[in-house]
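Before any comments, here is the structure.
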Amino acid sequence: MTDTDFLEGQIILLDKPLDWTSFQAVNKLKYKLKSEFNLPKKFKIGHAGTLDPRATGLLIVCTGKFTKIIPEIQDAPKEYHAEIKIGVQTESYDTEKPEIFPQDISGITENHITETLAKFIGEIDQKPPVFSAIKIDGNRAYDLARKGKEVEMKSRKITINYIENIEIDLPFVRFTVGCSKGTYIRSLAHDIGQELGVGAYLTNLRRTKIGEYSIENASSEYLENDYSFQNFKK
């Protein structure tokens with residue numbers, strides 16, 4: 001690969017590690033590319049859809065002229081493998097915050113769970129988590145929430161295309177979910193818990209697909225210090 005290849009445009013599929021922000025992953029990649037190739041200071045690079053720090057999986061990065069197609073990729077449907085824990089909640093709807101409001105789940109059956117999951121398939125109204133990057137009056141919602149300020153999140157229309165591969169090992173429930181742009185799986189976990197009447201939060205999340213792109217073709221090697229892009233394949 002040469003500097004011209006990256007300036008003309010490449011699509012790089014990252015397997016984002018746990019606890020990395022999408023911003024950190026792109027910055028690390030940008031640093032490596034600029035170090036290895038003679039790229040200009042204002043070299044264009046960006047990701048096509050944020051992935052939460054507590055999630056792993058597919059993060060698509062575009063370089064050069066391919067940054068123009070980022071909105072197109074962002075609009076594509078997504079697929080995730082998710083694990084939720086029922087009978088308890090967290091303020092962040094995931095593992096960032098400690099568990100609260102424990103509930104007895106002895107009356108929850110497998111049929112009850114599968115029937116509840118089915119209710120969420122289709123177009124639904126969803127409120128994003130308070131601990132999210134959505135801007136409210138110019139401020140990130142998570143910044144306001146972490147300062148203890150009350151944040152009102154507005155619901156929006158999203159689509160759950162399918163929920164399949166359901167595995168129930170109480171208090172944990174695992175499944176594959178296909179959804180539209182703008183869906184928060186953390187909010188889905190929370191809403192499932194509310195529908196069950198015992199609460200729930202997201203314990204594990206891995207993004208596996210964005211449109212035609214799959215985690216099977218992604219790598220975390222690009223973020224390693226000893227990886228050379230001379231071996232990179234388009």
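If the condition is being buried (at least 23 other Cβ atoms within 10 Å of the Cβ) and in a helix (DSSP H, G or I), then the range 186-202 contributes 186, 188, 189, 190, 192, 193. Could you list, in sequence order, the residues of the range 203-225 that are open to solvent by less than 40 Å² (accessible area, probe 1.4 Å) and not in a helix (DSSP H, G or I)? Within the range 203-225, 203, 205, 207, 208, 210, 211, 214, 218, 219 meet the criteria.
Being within 17 Å of residue 188 (Cα to Cα) and not assigned by the TED database to the domain that holds residue 188 narrows it down to one residue among 94, 52; which is it?
On inspection, the qualifying residue turns out to be 52.
State whether the residues of the range 152-173 include one that is surrounded by 15 or more Cβ atoms within 10 Å (Cβ to Cβ), at pLDDT below 95, within 17 Å of the chain's Cα centre (by Cα) and assigned to a loop (DSSP other than H, G, I, E, B). Within the range 152-173 (the criterion being surrounded by 15 or more Cβ atoms within 10 Å (Cβ to Cβ), at pLDDT below 95, within 17 Å of the chain's Cα centre (by Cα) and assigned to a loop (DSSP other than H, G, I, E, B)), the answer is no, since none of the residues qualifies.
The condition of being outside the structural domain of residue 17 (by the TED database), more than 27 Å from residue 29 (Cα to Cα), in a strand (DSSP E or B) and at pLDDT 95 or above holds for residue 123.
Taking the range 152-193 as the range and being closer than 26 Å to residue 72 by Cα and of a type in the set (Gly, Ala, Ser) as the test, the residues that pass are 155, 178, 180, 182, 187. Determine whether residue 101 is touching an Asp or Glu at 6+ places or on another chain (Cβ under 9 Å) and touching a residue at least 40 places away in the same chain (Cβ under 8 Å). Spelling it out, it is not the case that residue 101 is touching an Asp or Glu at 6+ places or on another chain (Cβ under 9 Å) and touching a residue at least 40 places away in the same chain (Cβ under 8 Å).
A quick yes/no check of all residues on (1) farther than 23 Å from residue 164 by Cα; (2) polar (S, T, N, Q):
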{"site": "45", "(1), (2)": "yes, no"}
{"site": "69", "(1), (2)": "yes, no"}
{"site": "78", "(1), (2)": "no, no"}
{"site": "87", "(1), (2)": "no, no"}
{"site": "91", "(1), (2)": "yes, no"}
{"site": "108", "(1), (2)": "no, no"}
{"site": "114", "(1), (2)": "no, yes"}
{"site": "120", "(1), (2)": "no, no"}
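When residue 32 is tested against (1) within 21 Å of the chain's Cα centre (by Cα); (2) not assigned by the TED database to the domain that holds residue 204, only condition (1) is not met.
The values are calculated or read from the model by the stated rules, or taken from the named source; none is laboratory data. Fair warning: this is a prediction, and the values are worked out from it, not measured in the lab. Ideal geometry is used to build each Cβ from the backbone, glycine not excepted, and the neighbour counts take in all protein chains shown. Just the protein is used for accessible areas: all its heavy atoms, side chains included, with ligands, DNA and RNA removed. Shrake-Rupley method; radii C 1.70, N 1.55, O 1.52, S 1.80 Å.
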